[in-house]
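Below is one structure, written out as structure tokens; the observations come after it.
The values are calculated or read from the model by the stated rules, or taken from the named source; none is laboratory data. Because the structure is predicted, anything quoted here is derived from the model rather than measured. Cβ atoms come from the backbone with ideal geometry, glycine included; neighbour counts cover every protein chain shown. In case anyone asks, the SASA skips ligands and DNA or RNA and just uses the protein heavy atoms, side chains included. Shrake-Rupley method; radii C 1.70, N 1.55, O 1.52, S 1.80 Å.
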Amino acid sequence: MFFSTNLRAALSWFSVQGEAEALARMAGALWRFWYTHGHLREGRDWLEKALMLLANAPATPDTPDHRRRFILAKALNGAGALAWAQGDSTTAEDRYQKGLVLFRELADQEAIALVVNRLGTI
């Protein structure tokens with residue numbers, strides 16, 4: 001309980017402060033936690049918020065473009081997984097496809113294989 005409260009506080013702070021990259025990085029790393037603990041809606045809400053903020057945020061000089069694309073790809077992957085778990089195959093496919101484009105640009109072979117596998121499942 002305490003752990004979840006701290007996570008929510010950190011996510012909320014990033015969101016309120018407009019820290020899009022930090023929010024996306026944290027949410028992208030937490031999707032398995034939300035999936036495992038059955039917090040699908042909460043996780044999906046955070047991921048979608050992070051994706052929206054990141055899409056509208058200007059690039060920062062401290063984050064190289066490839067790092068920003070990696071953060072976005074991981075958040076898209078998590079959003080796809082949680083959408084799929086909730087039976088929303090249309091959104092899951094959309095998020096996976098967008099993430100796949102980024103993982104291919106980054107030449108992340110392991111991530112490409114995982115996403116292609118998930119798309120095959122859909």
Heavy atoms of ASP45 accessible to a 1.4 Å probe, total area in Å² rounded to 10: 80
Summed side-chain charge close to ALA83 - residues other than ALA83 whose Cβ falls under 10 Å, Lys, Arg +1, Asp, Glu -1: -2
Structure-based [θ]222 nm, the chain - -39500 (n - 2.57) summed over DSSP H runs of at least 4, per residue, nearest 500: -27500 deg cm²/dmol
Sequence of LEU106, LEU114, LEU76 when ordered by accessible area, the most exposed leading, probe 1.4 angstrom: LEU114, LEU106, LEU76
Computed E for ASN117/ALA59 - FRET, C-beta separation, R0 25 angstrom, nearest 0.05: 0.25
Within the accessible area of the range 1-72 (1.4 Å probe), percent carbon and sulfur: 60
Mean projection area, nm², convex hull over Cα of the chain: 7.3
Accessible solvent surface per residue of the range 1-119, calculated while the other protein chains remain in place, 1.4 angstrom probe, Å²: 55
The range 11-54 - Rg and Dmax from Cα coordinates, angstrom: 9.7, 28
Diffusion constant of the range 42-106 at 4 °C, which comes from Stokes-Einstein with the Kirkwood Cα-pair radius and 1.567 mPa s, µm²/s: 108
